[in-house]
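Note sheet for the following structure.
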Amino acid sequence: MSTDKGFVNWCAELLAPLGAVRTRRMFGGHGFYVDDLFIALEMREVLYLKVDASTQPRFEAAGSHRFEYTTAQGEHGSLSYWSAPEEAMDAPSQLQPWGRLALEAALRAQAAKAPKARRAAAPRSAKPRRPASG
């Protein structure tokens, strides 16, 4: 389904106070990155923001709804993205607190996925050199 590029641009403008915004087409909609962190997606002209266990209750209280989808095989799924509250879509200053929650959730998710420090490799034992033939 095609998305109105004007809506995507408006969403990017709303998110701009949070940092450098980059968009990418995906899932039939668009993904939004702020400072290279994936924090939002747009589908059917609805902006969905990243949530986690600590931020989801605030989105629920604001009347937001979870991003849900149906696969080609008819299976239903959902992601940890909730719609931005309607009133927050009017101006960057109104979306900023919600965008900040999404950015913080993305940072926590990134920290949880961060690879653990590797152990230093054991020194390799030196093989004895063969005497030169001559």
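Below is a table of values for the structure above.
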quantity: Those strands (runs of 3 or more DSSP E) lying entirely in region 1-108 with at least 3 residues within 15 Å of the chain's Cα centre (by Cα) and surrounded by 12 or more Cβ atoms within 10 Å (Cβ to Cβ); calculated: 21-26, 29-34, 37-43, 46-50, 76-83
quantity: The listed residue being touching a Phe, Trp or Tyr at 6+ places or on another chain (Cβ under 6 Å), under 21 Å from A109 (Cβ atoms) and either polar (S, T, N, Q) or touching a residue at least 40 places away in the same chain (Cβ under 8 Å) (or both), out of V34, V51; calculated: V51
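Taken together, the values in this text are just the output of simple stated rules run on the coordinates, not laboratory data. Only a predicted model underlies this, so the values are computations on that prediction, with no experimental measurement involved. Please note: Cβ atoms are built from the backbone with ideal geometry, for glycine as well, and neighbour counts cover all protein chains shown.
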